[in-house]
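Notes for the one structure printed next.
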Amino acid sequence: MDKSRFDDPFHEARVKKGLGKMNDQNDPVKMILGHKDVRKCAHNWKTFQSGGEEVGRIVVPSEIHIRDIRQIPFEVDPPEHKGYRNLVEPWFKRPLDEEYQAKLKNIIDEVVDEALEKKSLEVVEEFSLKLQSRALTLLLNIPYEESELWISWGTHVFRSEDTALDKEKANLLYNYIEQAIEKAIKNPREDFYSVLLASEVNGKKLTKEEVKGVLTLTFAGGRDTVINAVTNSIAYFAEHPRSLQRLREDPEILNTAIEELIRYYSPLTQMGRVVTEDTLVCEHAVKAQSRISLCWASANRDERVFEKANEVVLDRKVNPHVAFGFGTHNCLGATHIRQIMKILLAVLCQKVSSMEILDCKENIEDLDEFKRKVGFNSIQVKFSGLKQKEWQK
């Protein structure tokens, strides 16, 4: 029973040095590992920049060779950042509405029911990707059927099985967004595309390029992260059936359980920043125009902050995790993924008696100095249904 266990490869470096190093396409990155240091650097947007001239450089691995579209508001710093953020944030808070949640529950019910009808299924492609793509239609307020095309793209829009960064595959997304924008220009509706095209920031209408930037972030930013969060949670409850039973018996801990699963599994390992001036980080010199990364996964296992940091504690009372980032550029999609997780766990409690992992292939990130398990490339699971009488007990 260890497939759902994710070790902490950063522990020794975090304790001894506070940072690690990796080479990213001949563009070195200093990885900030401690919780306090990660938050401090994330807060200091003036010294550690998300914008900059080279679009895509803050992502690890860098995407400067596969895109020239600036993801907004992710790759924009204050003061410009505030206008973009204020524009899109209300749209990304819609998952808090009851009507939205009811529609999301219908989507998740359908995915779980499909899993129960089969003897077993491969969770990454047949469960998590489906759930993520179908839920995205709700977030964008577009027809449900559109999700079938997104599912055909696979789990990551910028990567393929044999290529870490696949420009040809990325162009599928860019061309799709371009066509969707043109349709919205000709026939405006109540979807996200049309809302953006009709919006203003600082008294000026968004340009087509700015609209593309927001949509690129929406599609790319919440894809493999949502898939990892859902898949890893399925793996956990498959190996810890008593934890699922505990949620049935004590649904009041549902929200804390979600935050703990997100902390422990940290679906996104790190995010980079570009250094704007010579400075010190963890008493180590970093040069202007070099790169650092904020290692969320390491910070979330910092034993100086989290008691029993390498265990899943479903009722953890204090949980200042940084899995959704920290500071100015905290994750816009956090509300969306929290609602997905909340409804998913509630539906699993209602409909699933047990899950069994039959086979799996781990997804290991090669970070030079570190090798981190971030999820699964594939995981075959058998779902067993819960009788209604059992749920009512």
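The residues of region 12-56 that are out of contact with any Phe, Trp or Tyr (no Cβ under 9 Å at 6 or more places or on another chain), open to solvent by 10 Å² or more (accessible area, probe 1.4 Å) and assigned to a helix (DSSP H, G or I), listed by number, are GLU12, VAL15, LYS16, LYS36, ASP37, LYS40.
Among the residues making up region 155-189, those that are modelled with pLDDT under 75 and either part of a loop (DSSP other than H, G, I, E, B) or of a type in the set (Phe, Trp, Tyr) (or both) are HIS156, VAL157, PHE158, ARG159, GLU161, ASP162, ALA164, LEU165, ASP166.
Counting only residues that are without any contact (Cβ under 8 Å) to a residue 60 or more places away in the chain and surrounded by fewer than 13 Cβ atoms within 10 Å (Cβ to Cβ), region 294-320 holds 4 of them.
Tell me which residues, restricted to region 71-89, are open to solvent by less than 80 Å² (accessible area, probe 1.4 Å) and part of a helix (DSSP H, G or I).
Those that are open to solvent by less than 80 Å² (accessible area, probe 1.4 Å) and part of a helix (DSSP H, G or I): HIS81, GLY83, TYR84, ARG85, LEU87, VAL88, GLU89.
Would you mind stating whether SER293 is touching a Gly at 6+ places or on another chain (Cβ under 8 Å) and part of a helix (DSSP H, G or I)? Considered against the rule, which asks whether it is touching a Gly at 6+ places or on another chain (Cβ under 8 Å) and part of a helix (DSSP H, G or I), SER293 comes out as no.
The numbered conditions (1) on the phi > 0 side of the Ramachandran plot; (2) out of contact with any helix residue (DSSP H, G or I) (no Cβ under 9 Å at 6 or more places or on another chain) are all true for GLY18 except (2). Within region 294-311, is there a residue that is within 12 Å of ARG39 (Cβ to Cβ) and at pLDDT below 95? The answer is no, given that none of the residues of region 294-311 is within 12 Å of ARG39 (Cβ to Cβ) and at pLDDT below 95.
Does ASP68 satisfy being part of a loop (DSSP other than H, G, I, E, B) and surrounded by fewer than 15 Cβ atoms within 10 Å (Cβ to Cβ)? Break it down into steps so the answer makes sense when it comes.
On the way: part of a loop (DSSP other than H, G, I, E, B): yes; surrounded by fewer than 15 Cβ atoms within 10 Å (Cβ to Cβ): yes.
In short, yes.
Would you call LYS130 open to solvent by 10 Å² or more (accessible area, probe 1.4 Å), modelled with pLDDT of 95 or more, on the phi < 0 side of the Ramachandran plot and under 18 Å from the mean Cα position of the chain (by Cα)? So LYS130 fits the description; yes. When LYS373 is tested against the conditions (1) part of a strand (DSSP E or B); (2) open to solvent by 40 Å² or more (accessible area, probe 1.4 Å); (3) not hydrophobic (A, V, I, L, M, F, W, C), the lone failure is (2).
VAL38: farther than 23 Å from PHE219 by Cα and β-branched (Val, Ile, Thr), yes or no? It is true that VAL38 is farther than 23 Å from PHE219 by Cα and β-branched (Val, Ile, Thr).
When PHE383, PHE326 are checked against the criterion of being buried (at least 19 other Cβ atoms within 10 Å of the Cβ) and under 29 Å from ASN26 (Cβ atoms), PHE326 stands alone in meeting it.
Which one of THR225, THR279 is touching a Pro at 6+ places or on another chain (Cβ under 8 Å) and open to solvent by 10 Å² or more (accessible area, probe 1.4 Å)?
Values: THR279 fails: touching a Pro at 6+ places or on another chain (Cβ under 8 Å).
The unique qualifying residue is THR225.
Please determine whether any residue of region 94-105 is touching a Ser or Thr at 6+ places or on another chain (Cβ under 9 Å), open to solvent by 10 Å² or more (accessible area, probe 1.4 Å) and touching a residue at least 40 places away in the same chain (Cβ under 8 Å). Yes, the conditions are met somewhere in region 94-105. Any residue in region 251-270 that is modelled with pLDDT of 95 or more and in contact with a Cys (Cβ under 7 Å, 6 or more places away or on another chain)? Within region 251-270 (the criterion being modelled with pLDDT of 95 or more and in contact with a Cys (Cβ under 7 Å, 6 or more places away or on another chain)), the answer is yes, since at least one residue qualifies. Would you confirm whether any residue within region 192-213 is among the small types (Gly, Ala, Ser), more than 23 Å from PHE127 (Cβ to Cβ) and part of a helix (DSSP H, G or I)? Yes, region 192-213 contains at least one residue that is among the small types (Gly, Ala, Ser), more than 23 Å from PHE127 (Cβ to Cβ) and part of a helix (DSSP H, G or I). Kindly list the number of the only condition in (1) closer than 30 Å to VAL88 by Cβ; (2) among the β-branched types (Val, Ile, Thr); (3) open to solvent by 30 Å² or more (accessible area, probe 1.4 Å) that fails for THR335. Failed condition: (3). Of all the residues in region 343-354, those that are under 26 Å from GLY222 (Cα atoms) and surrounded by fewer than 19 Cβ atoms within 10 Å (Cβ to Cβ) number 2. Can you say whether ILE357 is under 17 Å from the mean Cα position of the chain (by Cα), open to solvent by 10 Å² or more (accessible area, probe 1.4 Å) and either of a type in the set (S, T, N, Q) or at negative phi (or both), as far as the supplied structure shows? Considered against the rule, which asks whether it is under 17 Å from the mean Cα position of the chain (by Cα), open to solvent by 10 Å² or more (accessible area, probe 1.4 Å) and either of a type in the set (S, T, N, Q) or at negative phi (or both), ILE357 comes out as no.
Of the candidates ILE258, ILE262, the single residue that is β-branched (Val, Ile, Thr), open to solvent by less than 10 Å² (accessible area, probe 1.4 Å), in contact with a helix residue (DSSP H, G or I) (Cβ under 7 Å, 6 or more places away or on another chain) and over 30 Å from ASP166 (Cβ atoms) is ILE258. Among the criteria (1) under 21 Å from LYS93 (Cα atoms); (2) buried (at least 22 other Cβ atoms within 10 Å of the Cβ), the one ALA238 does not fulfil is (1).
The values are calculated or read from the model by the stated rules, or taken from the named source; none is laboratory data. Just so it is clear, the structure is predicted and the values come from calculations on it, not from any experiment. Every residue, glycine among them, receives a Cβ derived from its backbone with ideal geometry; neighbour counts consider all protein chains shown. Ligands, DNA and RNA are stripped out before the accessible areas are found, and what is left, the full protein with its side chains, is counted by its heavy atoms. Shrake-Rupley method; radii C 1.70, N 1.55, O 1.52, S 1.80 Å.
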